Amino acid sequence: MRIVEESQVCLRVFRHPQREEIRKALRPLVAVPPAVTLAMAWDDSSGYWVSTIVRPPKFPLGQIIATPGALRALVEAGQDPMKFVRRHQSGDWGDLSEQDRQENELSLQQGFRLLSAYQTANGGRIGVVTVADLSATTLLLPKEY
């Protein structure tokens with residue numbers, strides 16, 4: 001990158017009338033990080049910056065495994081398996097009943113297996129299961145469970 005010597009960096013700071021109130025309201029975020037963060041990435045196809053909410057992981061995944069059926073379904077849908085794994089790890093359990101969601105939350109505390117279910121872009125179903133000891137996470141089709 002070449003910096004032109006004639007250029008000047010101009011920065012203006014505008015004082016907001018409620019500056020102190022805003023500062024006080026935001027101060028707790030410094031001590032306790034937010035539950036989610038915002039990731040920004042450039043999307044070449046649209047020509048825009050795209051933001052995505054990123055939740056921190058709730059548990060370790062262990063070894064990540066996928067059955068041949070699950071891999072075939074994801075290839076047919078044109079989707080990245082890690083999209084579903086990241087959702088699972090962040091506690092987005094997908095298309096589960098309220099009872100199964102509560103079971104997963106209890107499983108996080110008690111050390112039981114964790115289960116998620118998602119719909120693929122072409123309408124198929126994919127499951128993600130992490131075993132109780134958190135040593136492995138498997139992507140699989142519902143009929144393979």
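The table for this structure:
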quantity: Gain in span if fully extended, Asp80 to Ser46, counting 0.36 nm per residue against the direct Cα distance; calculated: 10.3 nm
quantity: Residue order, fewest to most surrounding Cβ atoms within 10 angstrom, among Leu108, Leu74, Leu61; calculated: Leu108, Leu61, Leu74
quantity: Pairs of alpha carbons in region 102-145 whose separation is greater than 11 Å (percent); calculated: 65
quantity: Ranked by how many other beta carbons lie within 10 Å on average, peptides 18-25, 88-95, 53-60, 129-136 from highest; calculated: 88-95, 129-136, 53-60, 18-25
quantity: Candidates per GluC sites (Glu not before Pro) in region 69-145, loop by DSSP, up to 12 other Cβ within 10 Å; calculated: none
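Bear in mind these aren't lab numbers, they're just calculated from the coordinates by the rules spelled out. None of the values given here were measured: they were computed from a predicted structure. Neighbour counts are summed over all protein chains in view; Cβ atoms, including those assigned to glycine, are modelled from backbone coordinates with ideal geometry.
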